[in-house]
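Worksheet for the structure shown next.
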Amino acid sequence: MKRFASVWLALMVAGMARAEDVHVAVAANFSAPMKDISARFERDTGHKVLATIGATGRFYAQIKNGAPFEVLLAADDETPARLDKEGSAVAETRFTYAIGKLVLWSAQAGLVDPQGQVLTQGRFAHLAIANPKLAPYGAAAMQTLGKLGLQERLTPRLVQGDSIGQTHQFVVSGAATLGFVAMSQVYGGGKLQSGSAWLVPTGMYTPIRQDAVLLERGKGKPAALAFLRYLKSEPARAVIRSYGYDL
């Protein structure tokens, strides 16, 4: 029995020694599912996820300037492809982990109708969007306004967040009456969690294909490789679907 306990302790220590941290840059729209996935990944593997949430455009600049990220979960497919082409990411590690959906949302119940007619009726002071130069959801919002013929009319009412996370906070705080946010920020379990919303038809904006990629700093790192494998697993995919993403 004593010998068994010693062997078990040795194995446990060895397992702990192999456990590593993985530094992940995560697009702001994916912050909620990332929490769930990280917790499951840490429980199942022993590795620890150190996640930084922000705008994809800013992550690109930080990665190029030597930020210690090992994995990028972008809000688009262009940024990972660019990093790959420039040699800042590991070749043949890119894949689409989610396809995002845009929602017009207000914290006020009953304000946003199911067809988005509130945009033409003008019963709001400010409309929040993410910076279209930094955040793909912001670009999608501007495309939607263009399709509706409202871009010029509503530009004076726009307030821009650096990321979709800040944009969501503008609406939560009341700084903006309504805003274009990610579906994952306001839906859970297939239901709107609060307020009122219009799910923007996907034909109004370029598909938001969100790609993951292993960055050069993650090359050969067991925890980084394990995290990307886990992101493709069915448990992780089930979490992603539960927040309204397509796969």
Within the range 97-120, work out how many residues are at negative phi, open to solvent by less than 30 Å² (accessible area, probe 1.4 Å) and touching a Leu at 6+ places or on another chain (Cβ under 7 Å). 10
Output the residues belonging to the range 39-56 that are open to solvent by less than 20 Å² (accessible area, probe 1.4 Å) and more than 14 Å from Asn29 (Cβ to Cβ). Phe41, Val49
Restricting to the range 121-155, name every residue that is open to solvent by less than 60 Å² (accessible area, probe 1.4 Å), in contact with a Leu (Cβ under 8 Å, 6 or more places away or on another chain), in a helix (DSSP H, G or I) and not aliphatic (A, V, I, L, M). Tyr137, Thr144
Enumeration of residues in the range 187-211 that are surrounded by fewer than 21 Cβ atoms within 10 Å (Cβ to Cβ) and assigned to a loop (DSSP other than H, G, I, E, B): Gly189, Gly190, Gln193, Ser194, Gly195, Pro201, Thr206, Pro207
With the checklist (1) within 15 Å of the chain's Cα centre (by Cα); (2) open to solvent by 10 Å² or more (accessible area, probe 1.4 Å) in hand, flag the one item Ser184 doesn't pass. (2)
Failed criterion for Met34 (all others in (1) out of contact with any Ser or Thr (no Cβ under 9 Å at 6 or more places or on another chain); (2) exposed (fewer than 15 other Cβ atoms within 10 Å of the Cβ); (3) not acidic (Asp, Glu) hold): (2)
Search the range 57-75 for residues being farther than 15 Å from Leu228 by Cα and open to solvent by less than 10 Å² (accessible area, probe 1.4 Å), and hand back the single one that is modelled with the highest pLDDT. Phe59
Could you tell me whether Gly15 is small (Gly, Ala, Ser), open to solvent by 20 Å² or more (accessible area, probe 1.4 Å) and at pLDDT below 95? yes
It is to be established whether one or more residues within the range 161-170 are at pLDDT below 95, outside any helix (DSSP H, G or I) and open to solvent by 40 Å² or more (accessible area, probe 1.4 Å). yes
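The values are calculated or read from the model by the stated rules, or taken from the named source; none is laboratory data. Everything numeric in this text was worked out from a predicted model, so none of it was measured. Neighbour counts run over all protein chains shown; Cβ positions are idealised from the backbone, glycine included. Just so you know, the surface numbers come from the protein's heavy atoms only, side chains and all, with ligands and any DNA or RNA stripped out. Shrake-Rupley method; radii C 1.70, N 1.55, O 1.52, S 1.80 Å.
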